[in-house]
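S.K.: Mind having a look at this structure? Questions to follow.
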């Protein structure tokens with residue numbers, strides 16, 4: 001069961017106060033209570049640049065992946081049989097792989113890594129991993145689970161389709177007990193859209209978030 005950290009000392013503005021880029025605020029800290037308060041408010045942290053201050057974001061529109069709309073192609077279905085799925089067995093390694101500076105558009109700083117590792121130790125941040133037949137981490141994703149919300153943060157792959165296989169496993173995990181949950185993927189990309197992600201207006205996202213936060217955690221994380 002997740003451990004609730006001390007409350008944040010910061011107050012976040014209404015997400016509707018976001019600027020045209022979706023930035024609601026700049027600064028604050030990455031203490032566990034602050035990051036959790038942000039997600040509960042519909043925000044997420046991301047630095048404004050590799051060396052810049054922390055931004056708190058609420059994009060409009062917001063990308064979500066409806067759990068019943070995941071598109072699994074035949075080739076992806078075959079790939080699902082090639083990997084072993086594990087949950088939370090290599091969280092720090094998954095985050096480090098997502099933060100690899102050689103990746104285009106990298107934004108995950110050492111401070112971000114440390115913040116999510118603290119959340120993981122408290123039971124809030126989780127990884128879903130795809131391991132190959134030789135016992136090597138081939139791909140995975142990580143994010144934050146609060147009630148019925150899973151806020152996806154990043155994913156990576158070292159073998160073809162490995163990150164997609166991890167996403168399929170995450171969706172299966174979130175759907176297993178029939179509880180309506182919200183899978184937040186922040187921004188639409190062509191890659192995520194090909195898997196079924198859609199955009200919703202900020203107001204609709206906030207309504208979905210409020211409903212999701214009233215739902216229970218999936219079984220592996222209770």
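S.K.: Taking the condition modelled with pLDDT of 95 or more and surrounded by fewer than 20 Cβ atoms within 10 Å (Cβ to Cβ), does residue 132 pass?
M.R.: yes
S.K.: I need the helices (runs of 4 or more DSSP H) fully contained in the stretch 103-222, keeping only those with at least 3 residues that are more than 15 Å from the chain's Cα centre (by Cα), more than 26 Å from residue 23 (Cβ to Cβ) and not assigned by TED's automatic domain parsing to the domain that holds residue 33.
M.R.: 162-175
S.K.: Testing residue 110 on (1) in contact with a helix residue (DSSP H, G or I) (Cβ under 7 Å, 6 or more places away or on another chain); (2) closer than 28 Å to residue 60 by Cα, one condition comes back false. Which one is that?
M.R.: Of everything listed in (1) in contact with a helix residue (DSSP H, G or I) (Cβ under 7 Å, 6 or more places away or on another chain); (2) closer than 28 Å to residue 60 by Cα, residue 110 misses just condition (1).
The values are calculated or read from the model by the stated rules, or taken from the named source; none is laboratory data. What you see is a predicted model; the values in this text were computed from it and never measured. As a convention, Cβ positions derive from the backbone with ideal geometry for all residues, glycine included, and neighbour counts pool all protein chains shown.
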